[in-house]
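Below is one structure, written out as structure tokens; the observations come after it.
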Amino acid sequence: MLNQQIISPEITPLQFDQTVEQALKKMEDLGVSELPVIRDGHFEGLIAEDDLLDANTTRPLTEFQHDLQPFAVNAEDHFLMAARLMMSRNLSIVPVVSADKEYVGAISQKSMLNRLTYLTGLMDSGALIVVDMDPQQFSISELSKLVETNDAHIRHLNTSIDEITGNLVVTLRINKQEVSDIVATLQRYDYHVAYYSGEEHYENELRKNYNNLMNFLTM
């Protein structure tokens, strides 16, 4: 998905003829820490709330051109480029511009989180399995094969590097809830399962036995 496809319509830019008071009020209403400033449709930069808080509220934004931050992403780039910029610069919004630096819109943190949620499969049903391994051990085909031997499929797969151990952390979203057999299979093939969640078969059996016992005691 491209940056231009997840623009937040509620985030509107500031103009240079607006005042500090107007800018701060708009930031407060939108719940953001910065806003884009444009001139004749052209993106000039981001103005941060911190740069305006101690200023005379009647001053126009033209007097803060040296405080503008140039951070923006291209409309035709993948939205993960905006996610990286948002995180690295600790931004509450990311401006989106055309190749000619024409202002297209802005992406809010809410819109970004929404899209990342779908990308990682968090909205899908099914269990979650996290496997910790040496990067050289990673094989998508083998993981898929081991999961499929238990009549299941991988819906989503995401990877990251553990900053402390240097190991590869592989997060699997499986298309069914009971994953105790899959976990056992992965462990049998020397995969370290760091975490899993789902309605495991043995938990279901335990709940069933508990309910039977309580029914017996109340007879």
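Annotations
- Alpha carbon centroid spacing (whole Å) that separates the range 50-70 from the range 127-142: 49 Å
- Paramagnetic reach from SER98 in the range 44-81 [backbone N under 20 Å; point 7 Å along Cα→Cβ]: 44-46, 71-79
- For the chain, adding -39500 (n - 2.57) for each run of n ≥ 4 DSSP H residues and dividing by the number of residues yields -9500 deg cm²/dmol at 222 nm.
- Ordered from largest to smallest accessible area (heavy atoms of protein chains, 1.4 Å probe), the residues MET87, MET1 come out as MET87, MET1.
- Accessible area in the full protein assembly, largest first, 1.4 Å probe, for ARG89, ARG115: ARG89, ARG115
- On Cα atoms only, tilt of 201-217 relative to the major axis of the chain in degrees: 70 degrees
- Longest exposed-site-free window of the chain, the sites being GluC sites (Glu not before Pro) in a DSSP loop that have at most 14 other C-beta atoms within 10 Å: 77-162
- Summary value for the chain: 17 percent relative contact order, contacts being C-alpha pairs under 8 angstrom separated by 6+ residues.
- For the range 47-202, carbon and sulfur atoms together expose 48% of the accessible surface, with a 1.4 angstrom probe and every protein chain in place.
- [x] 49, 44, 32; [y] 56, 35, 30; [z] 76, 52, 31, with the label sought being that of the calculated Cα extents along the principal axes in Å: [z]
- Computed accessible area, HIS78, all protein chains, 1.4 angstrom probe, square angstrom: 80 Å²
- Estimated vicinal HN-Hα couplings, Hz - the range 76-88 in sequence order (Karplus 6.51, -1.76, 1.60; Gly, Pro = x): 8, 7, 5, 5, 5, 5, 5, 4, 5, 5, 4, 6, 5
- Ordered from highest to lowest accessible area with the whole protein assembly present and a 1.4 Å probe, TYR191, TYR103 read as TYR103, TYR191.
- In degrees, nearest ten, helix 109-119 long axis to first principal axis of the chain (Cα): 30 degrees
- Pairwise centroid distance, computed over Cα atoms, of the range 74-112 with the range 1-36, Å: 13 Å
- For the chain, the longest principal axis of the alpha carbon atoms and the long axis of helix 20-30 meet at an angle near 20°.
- Antiparallel bridges, percent of DSSP beta bridges restricted to the chain (to nearest 5): 90 percent
- Overall form of the range 107-172 per C-alpha gyration tensor (a/c, 1.5; a/b vs b/c): oblate
The values are calculated or read from the model by the stated rules, or taken from the named source; none is laboratory data. Being a predicted model, the structure only gives us computed values, none of them experimental. All Cβ positions, even for glycine, are placed from backbone atoms using ideal geometry, and neighbour counts span all protein chains on display. With ligands, DNA and RNA removed, areas are computed over all heavy atoms of the protein, side chains included. Shrake-Rupley method; radii C 1.70, N 1.55, O 1.52, S 1.80 Å.
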